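In what follows, a structure is listed as structure tokens, so that the remarks can point back to it.
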Amino acid sequence: MNGLIEQWIDWLPSLVDGLGVSVQLAVVSLLIGLPLGLAEALLVASPNRIVRWITLAVVEFGRGTPTLVLLYLIYYGLPSQGLVLPAFGSAVVALSFMTGAYTSEIIRASLQAVPRGLVEAAAALGINRWGTFRFILFPEGIRIAIPALMGFAIQLFQTTSLVFLITLPELLSRAYSIGSTTFQYTSVLALAGVLYLLVTLPSGWLAALLEKRMGRHLA
Amino acid sequence: MISVANLKKSYGDHTVLDGVSIEIQRGEVVAMIGPSGAGKSTLLRCLNLLERPDSGRITIGDTVVDLPAKIPVRTLETLRKTAGMVFQSFNLFPHLSVLRNVSLAQEYVLGRDAKAAHQRSMELLERVGLADKAGSYPARLSGGQQQRIAIARALAMEPEVMLFDEPTSALDPELGLDVLAVMRELAASGMTMVVVTHEIHFAQDVSDRVVMMADGGIIEQGDPAQVLSSPANPRTQRFLKAVIDR
Ligand SMILES: Nc1ncnc2c1ncn2[C@@H]1O[C@H](COP(=O)(O)OP(=O)(O)OP(=O)(O)O)[C@@H](O)[C@H]1O
Ligand SMILES: [Mg+2]
């Protein structure tokens with residue numbers, strides 16, 4: 001048992017570094033992917049048929065393609081088209097794309113769930129379409145979307161572990177490389193699992209708390 | 001103040017307004033009654049173009065809407081500024097405080113600065129008896145309070161006409177009284193009002209004219225006492241009997 005603790009303490013700095021990379025990757029992908037998702041949600045409802053179709057195709061591609069395939073396409077496939085991205089950049093592109101596609105569906109459904117009466121009340125007050133979106137639809141829709149978006153963010157964080165396959169030194173790949181030198185795979189992966197949990201569990205609690213707070217004013 | 005000429009509206013092959021015409025004078029209070037599905041809400045919602053009529057002409061104040069031609073955005077804006085609306089389900093913005101509910105459109109649509117809007121909102125909240133609720137959120141308030149705030153919100157745009165679609169139907173009778181009191185006061189102040197209602201007492205006491213709608217048209221109208229106590233049309237007789245018996 002003592003041996004295990006000592007091992008873990010030995011490995012911890014490297015794994016915590018890796019955790020940092022994982023968190024960074026998830027945060028950057030969300031920062032790019034969420035606005036993308038909002039844009040896609042709005043464009044899917046565009047009155048212009050062509051815009052609608054193209055957006056729909058992008059969304060369906062993002063949702064339908066396994067993330068690993070996206071990752072490989074971008075990291076190994078794009079260089080053959082003359083575009084070379086570093087591992088972190090490739091991972092950000094793939095995960096943001098995937099985030100945009102999934103969150104656009106969440107956001108679209110949430111905007112649709114805003115009661116029609118509120119939009120009509122805004123219209124009856126003479127508030128134009130942009131004002132209605134900015135002051136009513138968006139804030140109301142986001143409140144509806146928050147729980148699902150938080151759930152997605154936690155899932156995305158776990159998905160970052162896939163990028164060990166393109167040799168980005170995030171948490172899982174650190175654990176793997178330690179495993180391959182010490183042959184203590186089970187032990188090091190267990191520690192990695194604990195570190196993942198240290199992020200996902202509090203995030204889940206935060207999500208629940210936020211949901212409660214946001215819902216407070218709503219009937 | 002309001003003039004509607006030969007207004008038609010269908011959903012698919014279901015005709016909801018079958019060539020409705022009506023003139024309403026400035027300061028007049030019109031109570032609109034009729035069975036469910038008669039087209040009362042549709043007519044009201046056509047007046048501020050929440051619903052787009054198929055054909056006909058609507059004049060409110062100086063604004064004229066001729067259909068089926070395209071409605072310019074400016075026309076839409078002035079029409080909605082001229083006519084305030086109160087809904088059966090209040091439709092307050094749940095994420096905004098009472099004060100913000102009343103101030104938002106003053107700032108965004110009328111371009112009032114925050115201070116002027118705040119001041120006007122407080123005056124109106126005072127008028128509907130809810131100044132002490134300025135900082136509350138709608139979900140904290142009773143239905144009757146929410147509806148009075150919805151009235152204040154509509155009044156904040158300084159409309160020349162107020163449209164009410166069954167403002168007390170979602171309320172317990174007792175809570176409805178406060179709302180009706182506010183509407184009485186508003187009527188007494190000279191506001192032009194069109195009120196769709198099942199409140200026969202309100203129609204009797206407050207309105208200048210009762211309009212009975214059925215099957216997409218106005219089948220009878222006139223002095224409240226006459227229409228409500230000795231209606232000429234058998235359809236109106238049946239309807240009023242049903243309302244009173246309930
Ligand atoms: N968006 C819509 N699509 C299809 N039909 C509609 C729509 N809105 C209203 N209708 C139909 O139009 C008719 C008139 O509806 P309206 O709401 O104007 O009636 P009303 O007189 O206000 O009735 P109530 O007393 O029940 O409120 C009804 O038959 C209704 O089903
Ligand atoms: Mg109705």
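What do you reckon, is A:Leu118 in contact with a helix residue (DSSP H, G or I) (Cβ under 7 Å, 6 or more places away or on another chain) and farther than 30 Å from B:Thr82 by Cα? Criteria not met by A:Leu118. As for region B:158-172, it holds no residue that is assigned to a helix (DSSP H, G or I) and surrounded by fewer than 19 Cβ atoms within 10 Å (Cβ to Cβ).
Among the residues of region B:42-71, those identified as buried (at least 17 other Cβ atoms within 10 Å of the Cβ) and either more than 12 Å from every other protein chain (Cβ to nearest Cβ) or farther than 19 Å from B:Phe87 by Cβ (or both) are B:Thr42, B:Leu43, B:Cys46, B:Pro53, B:Gly56, B:Ile58, B:Ile60, B:Gly61, B:Thr63, B:Val65, B:Leu67. Exactly one residue among A:Ala109, A:Ala123, A:Ala101 is touching a Leu at 6+ places or on another chain (Cβ under 8 Å), of a type in the set (Gly, Ala, Ser) and either within 14 Å of chain B (Cβ to nearest Cβ) or not in a loop (DSSP other than H, G, I, E, B) (or both), and that residue is A:Ala123.
Only one of the listed residues (B:Gly19, B:Gly12, B:Gly37) is in contact with a strand residue (DSSP E or B) (Cβ under 8 Å, 6 or more places away or on another chain), closer than 17 Å to B:Asp215 by Cβ, within 16 Å of ligand 1 (Cβ to nearest atom) and of a type in the set (Gly, Ala, Ser). That residue is B:Gly19. A:Leu42 satisfies every condition listed in (1) of a type outside the set (S, T, N, Q); (2) assigned to a helix (DSSP H, G or I); (3) within 25 Å of B:Tyr108 (Cα to Cα); (4) touching a Lys or Arg at 6+ places or on another chain (Cβ under 8 Å) except (4). Residues in region A:139-156 that are at the interface with another protein chain (Cβ under 10 Å from one of its Cβ atoms) and either farther than 17 Å from B:Ser97 by Cα or touching a Ser or Thr at 6+ places or on another chain (Cβ under 9 Å) (or both): A:Glu140, A:Ile142, A:Arg143. Of all the criteria given as (1) more than 11 Å from chain A (Cβ to nearest Cβ); (2) within 16 Å of ligand 2 (Cβ to nearest atom), the one not satisfied by B:Gly27 is (2).
Residue-level check: of (1) under 13 Å from the mean Cα position of the chain (by Cα); (2) surrounded by 21 or more Cβ atoms within 10 Å (Cβ to Cβ), B:Leu125 misses just (1).
Scoring B:Ser36 on the criteria (1) touching a residue at least 12 places away in the same chain (Cβ under 8 Å); (2) within 16 Å of ligand 2 (Cβ to nearest atom); (3) under 23 Å from A:Glu120 (Cα atoms); (4) away from every other protein chain (no Cβ under 14 Å) leaves a single failure, condition (1).
For A:Val84, are the conditions met, namely being touching a Leu at 6+ places or on another chain (Cβ under 6 Å), surrounded by fewer than 21 Cβ atoms within 10 Å (Cβ to Cβ) and more than 30 Å from B:Val102 (Cα to Cα)? Criteria not met by A:Val84. Could you say whether any residue in region B:126-146 is touching a strand residue (DSSP E or B) at 6+ places or on another chain (Cβ under 8 Å) and either away from ligand 1 (no atom under 16 Å from the Cβ) or not aromatic (Phe, Trp, Tyr) (or both)? No, region B:126-146 has no match at all. Is it the case that some residue within region B:158-166 is among the aromatic types (Phe, Trp, Tyr), closer than 22 Å to B:Met32 by Cβ and modelled with pLDDT under 95? No, because not a single residue in region B:158-166 is among the aromatic types (Phe, Trp, Tyr), closer than 22 Å to B:Met32 by Cβ and modelled with pLDDT under 95.
In region B:72-139, counting only helices (runs of 4 or more DSSP H) that sit wholly within it, the ones holding 1 or more residues that are at pLDDT 95 or above and more than 14 Å from chain A (Cβ to nearest Cβ) span B:114-127. Among the residues making up region B:39-64, those that are outside any loop (DSSP other than H, G, I, E, B) and within 16 Å of ligand 2 (Cβ to nearest atom) are B:Lys40, B:Ser41, B:Thr42, B:Leu43, B:Leu44, B:Arg45, B:Cys46, B:Leu47.
The values are calculated or read from the model by the stated rules, or taken from the named source; none is laboratory data. It should be emphasised that the depicted structure is a prediction, and the values quoted were computed from it without experimental measurement. For neighbour counting, all protein chains shown are included, and Cβ atoms are generated from backbone atoms with ideal geometry for every residue, glycine included.
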